[in-house]
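Here is the structure we will look at.
The values are calculated or read from the model by the stated rules, or taken from the named source; none is laboratory data. This structure is a prediction, so every number in the text was calculated from the model and none was measured. Heads up, the Cβs are rebuilt from the backbone with ideal geometry, glycines too, and the neighbour counts pull from every protein chain shown. Just so you know, the surface numbers come from the protein's heavy atoms only, side chains and all, with ligands and any DNA or RNA stripped out. Shrake-Rupley method; radii C 1.70, N 1.55, O 1.52, S 1.80 Å.
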Protein chains: 2
Amino acid sequence: MDAVKLTEEPSAGQTQVEGAKPTGKPQKKEKERKDQKSAAKQKGSNQSNAPKKKAGDTELIGITCKKSEDLAEWYQQVIVKGEMLEFYDVPGCYIYQPGSYRIWEFIQDFFNERIRKMEVENCYFPLFITEANLQREKDHIEGFAAEVAWVTEGGKNKLEKRIAVRPTSETAMYSFYSKKIRSHRDLPLKLNQWNNVVRWEFKHPMPFIRSREFLWQEGHTAHLTEQEAGKEVLAILDHYAAIYEDLLAVPVVKGKKTVNEQFPGAHYTTTIEGFIPAVGRGIQAATSHCLGQHFAKMFDITIEDPSQEVKEGEKRNKLHVWQNSWGFTTRSIGVMILIHGDDKGLVIPPRVANKQVVIVPVGINAKTTDADRQKLYDEVDSLSKTLKDVGVRVACDFREGYSPGYKFNDWEMKGVPLRLEFGPKDSANGVVTTSRRDQEGKGTIPITDLATDVPKLLETIQADMFKRASDEYASHRKIVREWMDFVPELNQKNVIIVPHCTGGECEDEIKKDSSGHIEGQEVDVRAPSMGAKSLCIPAEQPEELAEGTKCVNPKCGKEAKMWVMFGRSY
Amino acid sequence: MDAVKLTEEPSAGQTQVEGAKPTGKPQKKEKERKDQKSAAKQKGSNQSNAPKKKAGDTELIGITCKKSEDLAEWYQQVIVKGEMLEFYDVPGCYIYQPGSYRIWEFIQDFFNERIRKMEVENCYFPLFITEANLQREKDHIEGFAAEVAWVTEGGKNKLEKRIAVRPTSETAMYSFYSKKIRSHRDLPLKLNQWNNVVRWEFKHPMPFIRSREFLWQEGHTAHLTEQEAGKEVLAILDHYAAIYEDLLAVPVVKGKKTVNEQFPGAHYTTTIEGFIPAVGRGIQAATSHCLGQHFAKMFDITIEDPSQEVKEGEKRNKLHVWQNSWGFTTRSIGVMILIHGDDKGLVIPPRVANKQVVIVPVGINAKTTDADRQKLYDEVDSLSKTLKDVGVRVACDFREGYSPGYKFNDWEMKGVPLRLEFGPKDSANGVVTTSRRDQEGKGTIPITDLATDVPKLLETIQADMFKRASDEYASHRKIVREWMDFVPELNQKNVIIVPHCTGGECEDEIKKDSSGHIEGQEVDVRAPSMGAKSLCIPAEQPEELAEGTKCVNPKCGKEAKMWVMFGRSY
């Protein structure tokens, strides 16, 4: 989003371009057509030999398919044309353009502030893990074996032993924990790192959502007791929910994974689950695990029991520490795009938008004198300064040779939350015209109220975006009591909350039995007929289970233990 | 630095430990002995089976060798016992503990703020690079071929083509630049990323200074003209110098690399050069390169000449863009440690210290009543709050069972810039006693002036640390006009500035001829007799070269073109 420069003076090093118009501001701004150009050319972006367009072309090729008709194609166009991401020549790896990386930085700042208050400290562990270390926790290596990328050559030599690129860092970190933790006084130990991890094998990569390399934070902590560890697991889950709900305007459901779905090597896994209305599928948003003492046993992370009464010379018993790990990934950006984007392109929530406001000068035509145009541009600059002074992230679009309509579409495609239009009439009336990205229609704000009303309006947009998504998610979470309603409700693009035994085999059975569709039912042909899996056991149970309630699966016959949320899922 | 928690209430999840003292604050703080314990045990940290010490041991094993006597051993002890870094089971890879990673975060914040003003945007490119891409720039691949780690297996399969782990990202990024840049309006393009890179082969890894994986930022920009690119190269070099001088209190010399020493594939390389007085060696601190048009030619990054007058239908000539790349690494933390550390351990400049101040309660003995102790601790808490309120990063050391002397040594080893001691006498006098980490002696500050005087004192410490290092560097930069003084001055642990022809072969000759020592001269046996290489052509030349001045190398005979700084080097 280079447009930031539009409100600032060009640098001293900027080169005068011969042939460009010699008059003041418009000429300075002319080079800013790049945004349009790069948007316009993205259609051919996978063909590196596509002919270059002539300078001065002004067509904007917007999003050419509807979200409701072909979500996959729509998603790819939106992220590329909206300059969030670009494809790369190693399959499953993607380029995070500034548009998406900036959102990641907002997430980092938000989360760092919160975990610092919990006395978590950031650190960095190596990218590489020896095979011996990776294999020390049995369930863990089984969970990741199929996904590990291996380095076998360094420089011009074969390595004696191959080395794993981290798929996650439990096994990289816990030898260190064993050294570092010698007494209960060394607890709790709370470390976090922001890094890249690699999970090589999978069939269907999807930008942001499922990729071979992704960015995340991984927190790893050690505690004296299960209770203390458990409190942290939930505190972190709350922070994760806050990133989604308060920053990304994405509603989530908090819960616990069933045993079938928990992290390899975990004692238990808590989760927040999102929902993509366009396909009616759930999506795992982030997880916070209590690892129990499994890794502590494998890595010998022990202390001497501080509560034991011992006589002089007597040895205290060894206790294994209780560990947590928790991770939040760049997948979140994809979820945000899938939920909020529309047929015009991206819709970015104001709190994470690199540019929250764009000001587009309007009402200029062939009859406008240079002096009048300059006056208007100066006024736009002044509006921009007013907003910047109150912390609003603002761009001005002074590009010449593009109609206001073209500019409107362009900024809409990039998802800028609020557009301000300003022309001679607005100037005469002492107002700016507003257009929200998240809804149709226009309004006005008196110039004198700009510094207070724009920040307020941005917060309103943020809140409205969340409410809309939240209402939609709520309307697609159906309580289902009988098996006969299970698949029909799934096929209506819902996730469903059912009485369930929480047993793993029963889950597998449900997955199988819900994978077809029921005869006589109308089926959405775009919803793949995959089976439903358990998404989570919601922390907020819809109601108390009546005594004797059976598991929803008629083949199971066991008593239901909890309401469990099932759904088709990413 | 968990000690931050000492000034806050324990969390609700904190477990009451049976057998611990039941009285208020002292008991809550007891678990904080961990810092001591981990420091004390570090001596055996490379032996993972070393016996664990009994809880309650109180000896502090400080730094056991002098910086002036064995720099390598001193460095290893200081970084491990000071909890900056820990060794890891993949050679040449290291664990960045919070002590060092926090410094990296301060550097990131500082640099991000500055480059955002230059309209540089952060982004993220993949870790992996195809071999075909890596090989597209000939000099570049020659420079890195011996250092690349290769992934050849993914999951359970051999890859069809091996894939490089990035040693730097020029070749990962520039295909994208070719797509993105179609017109002069797309320029300048300014991207930066913070990431990890891997350079596998080298003989002597050294924590922070030279490691197989390291963290850095790499900026990559494209410009219309050489002039514009050149201005940015220097602006970035200024920011790099500011990180060293203003944050890390490390003086540097700005300059340009000779052709022999520039980046593989660069047009020219600018550099800042540091100096490690303990060994009298120069050290490359950071580099900012103009890549010229070399990569643009290989990656077809072109625009149509905007200055060309063309008729309808006529094609404009293609121009290749001018590119820069610039990088700043975690090596900087090692340079800071090598320069400021002393025989007691780390000395961290206040601006990058995670804890700038530690308050140690003193004057408590066996006769002190619980009530008096509690009163003193409450006063310490209050001092801490006063400092926190004005933005000072402060820890309080309430640990029981450790003498004040023990605590002093412990915090000194970790390099905390300012210690405040506070006992009943100080309380009665309304003062705190101050002890600066960077110099001997104590002072006092009235409690009423704490909020103003402590921040001031921290800035004084910062300035004094820089001035001391700066004076020392200056005193070891010797102007040498004759070859007869060249090696003797090197052997006096100096870097030297000489009239030089700037020719590559002459440089090689000087390196060879300065590698021995001269008969009859006293030689520092600890200074390896490596040859001197050119460190940089200083931007600030000491004086105008008199007409006809010859190159310092008597075998060369050419005319000197510039004053060039030579030295033994890391």
So which residues in region B:408-448 are of a type outside the set (A, V, I, L, M, F, W, C), open to solvent by 10 Å² or more (accessible area, probe 1.4 Å) and over 27 Å from B:Ala469 (Cα atoms), if there are any at all? B:Glu421, B:Pro424, B:Lys425, B:Asp426, B:Ser427, B:Asn429, B:Gly430, B:Pro446, B:Thr448
For region A:155-170, state whether one or more residues are among the hydrophobic types (A, V, I, L, M, F, W, C) and under 22 Å from A:Asn112 (Cβ atoms). no
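If you take the residues in region B:71-97 that are in a helix (DSSP H, G or I) and in contact with a Pro (Cβ under 8 Å, 6 or more places away or on another chain), which one is nearest to the other protein chains (Cβ to nearest Cβ)?
The residue in question is B:Ile79.
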Counted residues in region B:209-222 being open to solvent by less than 20 Å² (accessible area, probe 1.4 Å), more than 9 Å from every other protein chain (Cβ to nearest Cβ), within 20 Å of B:Arg331 (Cβ to Cβ) and not in a loop (DSSP other than H, G, I, E, B) come to 4
Residue hits (region A:196-208; more than 7 Å from chain B (Cβ to nearest Cβ), touching a residue at least 60 places away in the same chain (Cβ under 8 Å) and part of a strand (DSSP E or B)) are A:Met206
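Checking the structure you have, find out if any residue of region A:302-309 is of a type in the set (A, V, I, L, M, F, W, C) and not in a strand (DSSP E or B).
no
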Counting just the residues of region A:246-264 that are out of contact with any strand residue (DSSP E or B) (no Cβ under 9 Å at 6 or more places or on another chain) and within 12 Å of A:Ser332 (Cβ to Cβ), which one comes out surrounded by the most Cβ atoms within 10 Å (Cβ to Cβ)? A:Leu248
Please determine, by comparing only the residues of region A:109-119 that are more than 7 Å from every other protein chain (Cβ to nearest Cβ) and more than 22 Å from the chain's Cα centre (by Cα), which one is surrounded by the fewest Cβ atoms within 10 Å (Cβ to Cβ). A:Lys117
Among the residues of region B:182-194, what is the count of those that are facing another protein chain (nearest Cβ under 7 Å) and open to solvent by 10 Å² or more (accessible area, probe 1.4 Å)? 3
Within the group B:Ser68, B:Ser100, which residue is within 11 Å of chain A (Cβ to nearest Cβ), within 26 Å of the chain's Cα centre (by Cα) and polar (S, T, N, Q)? B:Ser100
Yes or no: A:Val310 among the hydrophobic types (A, V, I, L, M, F, W, C), more than 21 Å from A:Gln217 (Cβ to Cβ) and surrounded by fewer than 23 Cβ atoms within 10 Å (Cβ to Cβ)? yes
Check whether at least one residue in region B:400-412 is of a type in the set (Phe, Trp, Tyr) and under 26 Å from B:Leu338 (Cβ atoms), and report yes or no. yes
If we ask which residues in region A:480-510 are closer than 20 Å to A:Leu545 by Cβ and open to solvent by less than 50 Å² (accessible area, probe 1.4 Å), their number turns out to be 15
Take region A:265-283 and flag every residue that is in contact with a Lys or Arg (Cβ under 8 Å, 6 or more places away or on another chain) and open to solvent by 10 Å² or more (accessible area, probe 1.4 Å). A:Tyr268, A:Pro277, A:Ala278, A:Val279, A:Arg281
Restricting attention to region B:226-245, which residues are open to solvent by 30 Å² or more (accessible area, probe 1.4 Å) and more than 30 Å from B:Ala463 (Cα to Cα)? B:Glu226, B:Gln227
Within region A:523-540, tally of residues that are among the charged types (D, E, K, R), at pLDDT below 55 and open to solvent by 60 Å² or more (accessible area, probe 1.4 Å): 1
Return only the number of the condition from (1) of a type outside the set (Val, Ile, Thr); (2) within 8 Å of chain B (Cβ to nearest Cβ); (3) in contact (Cβ under 8 Å) with a residue 40 or more places away in the chain; (4) open to solvent by less than 30 Å² (accessible area, probe 1.4 Å) that A:Glu105 does not satisfy. (3)
Condition check: open to solvent by 10 Å² or more (accessible area, probe 1.4 Å) and closer than 23 Å to A:Leu376 by Cα. Does A:Asp464 satisfy that? no
Would you call A:Val357 surrounded by fewer than 19 Cβ atoms within 10 Å (Cβ to Cβ) and either within 30 Å of A:Glu472 (Cβ to Cβ) or in contact (Cβ under 8 Å) with a residue 60 or more places away in the chain (or both)? no
Do we have any residue at all in region A:338-351 that's of a type in the set (Asp, Glu) and within 26 Å of A:Glu472 (Cβ to Cβ)? yes
